[in-house]
1. Hey, could you check the stretch 168-218 for residues that are acidic (Asp, Glu) and within 18 Å of Leu264 (Cβ to Cβ) and say which is farthest from the chain's Cα centre (by Cα)?
2. Just one of Met78, Met90 is within 30 Å of Thr200 (Cβ to Cβ), of a type in the set (A, V, I, L, M, F, W, C) and at pLDDT below 95; which is it?
3. What single numbered condition from (1) closer than 30 Å to Arg262 by Cβ; (2) touching a helix residue (DSSP H, G or I) at 6+ places or on another chain (Cβ under 8 Å) fails to hold for Lys300?
4. For Arg375, indicate whether it is assigned to a loop (DSSP other than H, G, I, E, B), modelled with pLDDT under 95 and of a type outside the set (Val, Ile, Thr).
5. What are the residues in the stretch 75-89 that are surrounded by 13 or more Cβ atoms within 10 Å (Cβ to Cβ) and in contact with a helix residue (DSSP H, G or I) (Cβ under 9 Å, 6 or more places away or on another chain), if any?
6. Condition first: more than 22 Å from Leu320 (Cβ to Cβ), in contact with a Lys or Arg (Cβ under 7 Å, 6 or more places away or on another chain) and not small (Gly, Ala, Ser). Now tell me which residues in the stretch 1-53 satisfy that.
7. Residue by residue through the stretch 387-405, note down the ones that are part of a loop (DSSP other than H, G, I, E, B) and free of Cβ contacts under 8 Å to residues at least 24 places away in the same chain.
8. What is the residue count in the stretch 159-206 for residues that are in contact with a helix residue (DSSP H, G or I) (Cβ under 9 Å, 6 or more places away or on another chain), of a type in the set (A, V, I, L, M) and surrounded by fewer than 20 Cβ atoms within 10 Å (Cβ to Cβ)?
Amino acid sequence: MKSSRYNFFVPLEKEGDYILYNTFSGAIFFVDRELKDAVRKNPSGIPGDILEDFKKEWVLLEDDLDELQVVSVVRDEMRFNASRLQFVIMTTYDCNLNCPYCYEKKDPMTSLTDDSCARISKFVERLIERQRARELDFLMYGGEPLLEIEHMMQLIRHFTVAAGDTGFTFSVSMTTNGTLLTPEIVSELEQYPVEVVQVTLDGPKSLHDLKRVYASGKGTYEDIIRGIDLLRSSSIRPKIRVNIDGVNKDHIPELLDDLKERGLSDVQIYYGIVRTISKVCESYGPSCMKDSEIKSVLPKVWGETLARGFPIPLKPFNNLVGCGMQSNSSFTIDPEGHVYKCVTGTGYPDQRIGTINEQGDVPAWSPIYYQWFSRNPLEFSSCRACTFFPLCGGGCPMIAYSRKGTYQSGGCFETKAVLKDQLILYLKQTYPHKFTE
């Protein structure tokens, strides 16, 4: 027997106790020093019942098993599983806000039309048929998607009917700034399979209203809170993304206290890191978070969030593909029918992988398409040797591109820096009796 390369030990406060976490299987064990040393150096000496558990959970492997071959095969199975199609649909490049770090400032601000909706519908329908998909997911995006609500709803209605006729499952989520939500719009969205709507806050009101502003310069905090309240009164689940940058990183508790005072502590919060990733947001660079800061900032923010009773997803999960856009069943489509992989590349012709024609086909994929799909992080020495590879799948291709000018490189970000703290916080939630001290 041999130890998995993906075993990861975290020392606990009590001397000689450890968390054993396998990043490939997700298995978690509490072990003492003797058992830890046995896993690393002498697996044959482990008692039979524990040995069987460790074998079942990928902690221990047969000597003749090539673990990297297994990971490669599982990764390919995930990348080319076409039963679920996922599309980011950009309804418009236009927006009613003027955020300084936005990566989608495009001129002219094009929006969906009857023609582009028809081409997009045909493209999606052809893929459903060709790949025999059983699930279809739309993320309505922008710009601000609600500026083009008529064409957005046109697509949603079309595929709601198609799902009923042909038997596939259709679900919709939306990312909006929240300022245009009204009781009438929320009521209409409820009539269709719109499950989650994400809005964004940029810190407490005093800081948010300096950055997330209307074209007039007026802040949007109170308008977004009203939008969240409307969603909470409906069947649609709101989700709050909080952007953390070099300016607001020490002020997140102030935001959390305000949200809790307003009765919003039942809304799930997700933290996003503002980092330089595209050409437009490079101008915001001095305020972006540095990778070296993430280690100290994110765990502290998570702890503050949990202490106030907010639900946040902390359980690490297997993510061998890294970004879903590295699969053959996920695409981003802009209002003109141009196809991209990552939304941060939209609007840039050099990031375009194709254009949908009148027949609903992409006649020829661009070289970028093949660069994305040929990316194999297991060929990168740093990823191949990394214990955390199953959790990030080689990281973000766009981070690799922004840093090194190629997708053929690792795109690491906060995974390594914060995994220990993330895991311990998750375990404290799940096994509080283990952390009585």
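The values are calculated or read from the model by the stated rules, or taken from the named source; none is laboratory data. Fair warning: this is a prediction, and the values are worked out from it, not measured in the lab. Here the Cβ positions follow ideal geometry from the backbone for every residue, glycine too, while neighbour counts run over all protein chains shown.
1. The selected residue is Asp209.
2. Numbers: Met90 fails: at pLDDT below 95.
Sole residue among the options that is within 30 Å of Thr200 (Cβ to Cβ), of a type in the set (A, V, I, L, M, F, W, C) and at pLDDT below 95: Met78.
3. Of everything listed in (1) closer than 30 Å to Arg262 by Cβ; (2) touching a helix residue (DSSP H, G or I) at 6+ places or on another chain (Cβ under 8 Å), Lys300 misses just condition (2).
4. yes
5. Result: Arg75, Arg79, Ala82, Leu85, Gln86, Phe87, Val88, Ile89.
6. Tyr18, Phe30, Pro43
7. First, the residues of the stretch 387-405 that are part of a loop (DSSP other than H, G, I, E, B): 387-388, 393-394, 396, 405.
Correct list: Gly405 only.
8. Qualifying residue count, the stretch 159-206: 4.
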